[in-house]
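The values are calculated or read from the model by the stated rules, or taken from the named source; none is laboratory data. Just so it is clear, the model here is predicted, and its values are computed rather than measured. Counting neighbours? That spans all protein chains shown, and the Cβs are built from the backbone with ideal geometry, glycine included. Surface areas here come from the heavy atoms of the whole protein model, side chains and all, with no ligands, DNA or RNA. Shrake-Rupley method; radii C 1.70, N 1.55, O 1.52, S 1.80 Å.
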Amino acid sequence: QVQLVESGGGLAQPGGSLRLSCAASGIPFRLYAMGWYRQAPGKRRELVAEIASDGSTNYADSVKGRFTISRDNAKNTVYLQMNSLKPEDTAVYYCNGKFSFLDHWGQGTQVTVSS
């Protein structure tokens with residue numbers, strides 16, 4: 001059974017930091033491209049950052065220079081370090097894993113940036 005379990009969401013002040021984690025099970029993690037997406041109320045789900053199996057990364061323009069995606073294949077975990085948070089980063093953040101035609105999603109974790 002495939003599971004992607006996010007953790008680390010919560011409330012942060014503007015300018016603050018949070019680190020999201022996504023623990024994967026039931027998949028050959030090292031072969032998967034992993035990503036973080038987010039969906040704010042009334043908006044479409046959007047890509048935040050992704051990391052390929054070879055470690056190459058891609059970021060949405062809105063988070064470049066503030067967020068960092070990384071992976072630990074030994075722990076089957078992908079991370080999203082979020083710094084300099086802004087109120088517009090408020091959303092439900094979803095972990096995603098892709099390999100060939102396979103596409104898996106976590107349940108999401110809420111991130112709220114507010115003073």
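Brief remarks on what is shown
- Straight-distance candidates among the aspartates and glutamates for linking to LYS64, with alpha-carbon spacing under 16 Å and chain neighbours fewer than 8 residues away dropped: GLU46, GLU50, GLU88, ASP89.
- Inter-site label distance for LYS75 and GLN110 at 7 Å from Cα along Cβ, in nm: 2.6 nm
- Net charge of Cβ neighbours under 14 Å - reference ASN58; Lys, Arg +1; Asp, Glu -1: -1
- Rolling a 1.4 Å probe over the protein heavy atoms of the chain, with every protein chain left in place, gives an accessible area that is 48 percent carbon and sulfur.
- For LYS75, a cut-off of 15 angstrom between C-alpha atoms picks up these aspartates and glutamates, skipping any fewer than 8 places away in its own chain: GLU6.
- Each principal axis of the chain carries a Cα extent, and these read 40, 25, 23 Å when sorted largest first.
- Taking a sphere under 14 Å around the Cβ of SER115 and counting the other residues whose Cβ falls inside, with K and R at +1 and D and E at -1, yields a net charge of -1.
- Summed side-chain charge close to ALA40 - residues other than ALA40 whose Cβ falls under 15 Å, Lys, Arg +1, Asp, Glu -1: +2
- Distance in nm between pseudo-label sites at ASN83 and THR68 (7 Å out along the Cβ direction from Cα): 0.6 nm
- Per residue, in Å², the accessible surface of the chain once ligands and nucleic acids are set aside, probe 1.4 Å: 53 Å²
- Where both bridge residues fall in the chain, DSSP classifies roughly 95% of the beta bridges as antiparallel.
- Pair GLN39, LEU102: separation of 7 Å Cα→Cβ label points (nm): 2.3 nm
- When peptides 26-32, 91-97, 53-59 are sorted by average Cβ neighbour count within 10 Å, with the highest value leading, the order is 91-97, 26-32, 53-59.
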